[in-house]
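Notes follow once the structure below has been shown.
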Amino acid sequence: MNKNSISINGFDRYSFIRSDKSWLNEKFFDENSRIIPIHNLNVLCDTTENPGAVYLTHNDLTQTSDFVDSLVFLGIIDETPCFAIDINSNESASNIMKKKDATFQDLRPVMPLIGSRDNELLVLARFTSYWHSKNQYCGKCGSKTKSSNAGHVRICMNTECNENFFPSMDPAIIVLVSSGDRCLLGRQKEWPEGMYSTLAGFVEPGETIEEAVAREIHEESGVTVEKIEYQHSQPWLFPNSLMLGFIATAKDDEICLGDNELEDARWFTREEIRSDSKILPPKISISHKLIIEWVNCE
Ligand SMILES: [Zn+2]
């Protein structure tokens, strides 16, 4: 399996090996491999105040029939093969928790406490579990599907149909709109008090991403934009978005709230954002990054 790594952060998907069943089988039963269990979309963390990810080996698993259809080879990190499995029985989940002195927890609240490389694996494992559970039946003929290609494809079991289903992400734009020394932020009513974020929305079929930026900003805030420039992207697999981060300049600054998504939208100065820590969205979000970059670029 020699191959030049192209990974940026040490995680390599090794997609070429997904069809090699004997290699995958050998690595799954290798004590040095890492298995990430998912139960009801929750991830396994230790029970300390600052929980960390807990991984398994095949020895920690007793009822292998539980997860055989959800086993996914994620890739290799620091030369360690990583697999994700869905633990769908409560009894198995309970046995694992006892054995590892750990609990299955909702990933989003613990993400800021877990290192970014562990987060990347846990998010991906959680997503694969979500995707397999959502694609148990063929969307074309309604028959059962089965997992294939190390968990990266589901195939319709009706031989006359044979439709293949692949995991995918939905593109969404997120935009820091500025007007002179102010930027446009909005909030939804269920967010923590005082928190605002850059405006965002999904790209519609047939649209370019720049068209989506102009449409979404206008629909949500009434503001028209120009000078739309791409900055960064962030996969946000809750459940399956790919966030595409932009900056844009307002042609006019009159706000007229539109499609009921936002409770409020306002123009903020750099000073206002610097002086009120409640305004910023969580550090792990691309919105936080776009806002901080703008605040720091005077
Ligand atoms: Zn089918």
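Read-outs throughout are calculated quantities, based only on the coordinates presented, and are distinct from any laboratory measurement. Because the structure is predicted, anything quoted here is derived from the model rather than measured. Neighbour counts are summed over all protein chains in view; Cβ atoms, including those assigned to glycine, are modelled from backbone coordinates with ideal geometry.
Before moving on, here are some points about what is shown:
- Straight-line cross-link partners of Lys283 among the lysines, defined as a Cα under 21 Å from its Cα and at least 8 positions apart when in the same chain: Lys189.
- Considering only Gly151, Ala248, Asn9, the residue lying farthest towards the positive end of the dipole of the chain is Gly151, judged by Cα position with unit charges set on Cβ.
- Taking only the Cα atoms of region 11-134, the ratio Rg/Rh comes out at 0.93, with Rh defined as the Kirkwood radius.
- Cα gyration tensor shape of region 182-254, rounded if a/c is under 1.5, else prolate or oblate by comparing a/b with b/c: oblate
- Cleavage-rule hits, GluC sites (Glu not before Pro), region 128-211, DSSP coil, Cβ neighbours within 10 Å at most 13: Glu160, Glu190, Glu193
- Available extension along the chain between Asn90 and Thr224 is 43.1 nm, counting 0.36 nm per residue and deducting the alpha carbon span.
- Local electrostatic count at Gly115 - Lys and Arg +1, Asp and Glu -1, tallied over other residues with Cβ under 15 Å: -1
- 5 angstrom amide H check on Ser241, placed H, neighbours 5+ away: Asp170, Trp236
- Helix axis angle, 286-295 relative to the chain longest principal axis, alpha carbon, degrees: 30 degrees
- Using a Gaussian network model of the chain in which every pair of alpha carbons under 10 angstrom is joined by a spring, one finds that among Thr159, Thr269, Thr80 the greatest mean-square fluctuation is at Thr159.
- Nearest-20 debye value, region 131-196 charge dipole, Cβ charges on Lys, Arg, Asp, Glu: 200 debye
- In this entry, the chain is assigned a mean projected area of 18.6 nm², taken as a quarter of its C-alpha convex hull surface.
- Summing +1 for each Lys or Arg and -1 for each Asp or Glu among the other residues whose beta-carbon sits under 12 angstrom from that of Asn40 gives -1.
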